[in-house]
Amino acid sequence: MSKPTRDRFDDVPRSSGRVGAHRAEAPGMNGWVVLLWSFVAALVLIIAGIFGSLVVMGRISLFPEPVASSTPIPEETGVVDTTFSVMILNATADEGLDEQMRDVLINNGWPAETVFASDSTSQDFSTTTVYYIAPEDELAAIGLAGLIGGAAVEQSDFYADLNDTEQKQLTVVIGLDRSAEAPADPEDTPAP
């Protein structure tokens with residue numbers, strides 16, 4: 001094998017000092033710091049992976065729909081107030097429903113002279129409804145509706161002219177929901 005030829009760089013003395021731009025190791029970066037940073041990076045990646053998996057599987061929703069108030073709204077229970085006079089109108093083809101309802105009210109404490117029963121001119125009223133006139137009478141109407149086995153409650157002055165006394169009045173219109181012979185197509189307008 002032949003020897004390489006000598007050139008001018010072979011005569012440069014070797015020195016122990018560094019010459020040129022050398023990269024030195026960053027001060028303060030030792031093995032523990034690098035290990036800590038790699039542990040933190042791995043932990044962040046694991047958490048992100050778990051979260052992403054839960055989103056993909058549908059266990060977590062990124063944009064959940066707003067939930068309505070979780071507290072239940074108390075329902076008005078009403079009060080049974082026997083100081084009201086009650087007009088009962090039978091708006092069905094069944095005979096005697098008004099008298100049966102009158103007996104229920106009298107048996108529950110209403111004076112017989114304040115409960116009036118009559119047939120309505122209409123016989124196709126769909127839902128039994130308790131009508132009240134003034135807003136402050138609503139609780140009494142709800143109480144009466146509960147007493148007769150559940151009925152709709154509505155504010156209306158349609159029956160105000162039927163009251164010839166100064167006493168507060170509630171009006172019960174018996175609908176086809178209480179009838180044994182209900183026609184197929186009932187109307188839902190007040191029964192005079």
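We did not get these values from a lab; they are worked out from the coordinates using the rules stated. From a predicted model like this one, the values you see are computed outputs, not experimental measurements. Positions of Cβ are generated from backbone atoms using ideal geometry, with glycine treated the same way; all protein chains shown enter the neighbour counts.
A few notes on this one:
- Relative contact order, percent, segment 85-178 [alpha-carbon distance under 8 Å, six or more residues apart]: 41
- Lys/Arg +1, Asp/Glu -1 at C-beta; segment 109-171 dipole; positive extreme among Leu144, Leu170, Ser120: Leu144
- Here each label is just a point 7 Å from Cα along the line to Cβ, and for Glu113 and Thr77 those points are 3.3 nm apart.
- Cα gyration tensor of segment 85-178 - equivalent ellipsoid semi-axes, whole Å, descending: 18, 15, 13
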